[in-house]
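The values are calculated or read from the model by the stated rules, or taken from the named source; none is laboratory data. Predicted model, so just to flag it, every value in this text is computed and none were measured. Neighbour counts are summed over all protein chains in view; Cβ atoms, including those assigned to glycine, are modelled from backbone coordinates with ideal geometry.
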Amino acid sequence: MPTRRRALLVILMLALLAAASIVLSLAVGSLAVSPAQLGAILTGEDVGLAGEVVRGLRLPRALGAFACGGLLALAGALMQVLLRNPLADPYVLGISGGAAVGALTAMMAGLALAFINLAAFAGAFAAMVLVFGLAHGDSSWTRTRLLLTGVIVAAGCGAGVALILSIAPEQKLRSMLFWLMGDASHITNPWPALAILALGLAAVLPFARELNLLARGDVLAGSLGVVVPRLKRVVYVLASLFTAVAVTTAGSIGFIGLVVPHLVRLAVGNDQRLLLPAAALAGGSLLVLADTLARTVVAPQQLPVGVLTALLGVPVFLFLLSRQSGRHA
């Protein structure tokens, strides 16, 4: 009971962190906004330029970044259960590669942002269907087969991305590279991603007990009444959908889905009923903070947020690995 109470306290703290990170994102920037101004803006008062900046630019960007971070962390936690591999992340099955091929093709064709997002989602969905179809094969779907199929599809998508970059006009390369490194600056409508995050949590939490059993092995889960093949398909589709929506909204942002579930697991344990909502809150908060840093650290220039998440994620993950190896020594 004390452990459960501690986990619930951690989730409450993460919820407060999420709210604080969004408020910070709205307040800081080249145009500073005071707490009084921010309160007036959020209540709908007309405060001139500051209101336009916050409501038109910063609020959609902050909410979109939170949704994408939450989706990536949630997808990473699900993939680590599905593959029973702590190194699994949302991009391991080639979803982001398919989205990248679709988005860069649309960019090279000069299409509008809405069509770029549509092409990215179509590419991610095509990669998901391809991996699932090839890995399923004659119904003998195994984790190894799924992982190998995903790696091959990701490699093929990587070759496609390299080909597009090599023949793309020079004036379009910068926007393409920003998309590949993750960029939240073009988010204008965060509500679809937020809706998918909320609905996704609502859809996956009823399966939390089954996921706890699946994490201990297929045989044990099956002996305790879990329909393992169906559960695996549900987890794969949901994780792929979360990844596709996140990549479509903000581009390829690394390490959120890999590092955040590990950090949250240290705080709340491996009970998926607590881990999944905590991971969504932590991933969203981390990406909002990273995006705020990306647009302020070298202002007025902006950095790709994926670069900062990688710079933060690499040392954190190496630290976690060193702790784990020290325990086994």
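Condition first: assigned to a loop (DSSP other than H, G, I, E, B) and surrounded by fewer than 15 Cβ atoms within 10 Å (Cβ to Cβ). Now tell me which residues in the stretch 26-62 satisfy that. Of everything in the stretch 26-62, those that are assigned to a loop (DSSP other than H, G, I, E, B) and surrounded by fewer than 15 Cβ atoms within 10 Å (Cβ to Cβ) turn out to be SER30, LEU31, ALA32, SER34, THR43, GLY44, GLU45, ASP46, GLY48. Every residue in the stretch 119-135 that is in contact (Cβ under 8 Å) with a residue 12 or more places away in the chain and over 18 Å from the mean Cα position of the chain (by Cα), please. Residues satisfying the conditions are ALA119, ALA126, LEU130, VAL131, PHE132, LEU134, ALA135. Of all residues in the stretch 164-195, those satisfying the criterion of being in a helix (DSSP H, G or I) and of a type in the set (S, T, N, Q) are SER166, GLN171, SER175. Exactly one residue out of ALA75, ALA32, ALA20 is more than 26 Å from GLY123 (Cβ to Cβ), modelled with pLDDT of 85 or more and either of a type outside the set (Phe, Trp, Tyr) or over 24 Å from the mean Cα position of the chain (by Cα) (or both), and it is ALA20. Only one entry of GLY150, GLY158 meets the criterion of being farther than 23 Å from LEU63 by Cα and modelled with pLDDT of 90 or more, and that entry is GLY158. Contact map, the stretch 58-70: first residue closer than 20 Å to PRO277 by Cβ, second residue of a type in the set (Gly, Ala, Ser) and surrounded by fewer than 23 Cβ atoms within 10 Å (Cβ to Cβ), Cβ cut-off under 7 Å, separation 6 or more or different chains; pairs are PHE66/ALA18.
Residues that are assigned to a loop (DSSP other than H, G, I, E, B) and in contact (Cβ under 8 Å) with a residue 60 or more places away in the chain within the stretch 89-109 comprise ASP89, PRO90, TYR91, VAL92, LEU93, GLY94, listed in sequence order.
A Cβ distance below 7 Å, combined with a sequence gap of six or more or placement on separate chains, defines the contacts here; from the stretch 194-206, residues that are surrounded by 13 or more Cβ atoms within 10 Å (Cβ to Cβ) reach residues that are small (Gly, Ala, Ser) and in a helix (DSSP H, G or I) in the pairs LEU194/ALA67; LEU197/ALA67; LEU197/GLY70; LEU197/ALA280; LEU201/ALA280. Within the stretch 196-222, the residues that satisfy the criterion of being out of contact with any helix residue (DSSP H, G or I) (no Cβ under 7 Å at 6 or more places or on another chain) and either assigned to a loop (DSSP other than H, G, I, E, B) or more than 20 Å from ASN270 (Cβ to Cβ) (or both) are ALA198, LEU199, ALA202, ARG216, GLY217.
Would you mind stating whether GLY269 is at pLDDT below 90 and closer than 22 Å to ARG61 by Cβ?
Criteria not met by GLY269.
What pairs come out if I take residues in the stretch 241-255 that are in contact (Cβ under 8 Å) with a residue 24 or more places away in the chain and crowded, with 24+ Cβ neighbours inside 10 Å and pair them with residues that are among the charged types (D, E, K, R) and assigned to a helix (DSSP H, G or I) whose C-beta lies under 9 Å away, six or more apart or interchain? Partner pairs satisfying both residue conditions: ALA250/ASP291. So the check is Cβ under 8 Å with 6+ separation or different chains; which pairs have a first residue in the stretch 286-314 that's in a helix (DSSP H, G or I) and a second one that's surrounded by 22 or more Cβ atoms within 10 Å (Cβ to Cβ) and basic (Lys, Arg)? Close Cβ pairs (under 8 Å, with a partner that is surrounded by 22 or more Cβ atoms within 10 Å (Cβ to Cβ) and basic (Lys, Arg)) amount to ASP291/ARG61.
Among the residues of the stretch 85-139, which ones are surrounded by fewer than 15 Cβ atoms within 10 Å (Cβ to Cβ) and under 30 Å from HIS262 (Cα atoms)? Result: ASN85, PRO86, LEU87, VAL129, GLY133.
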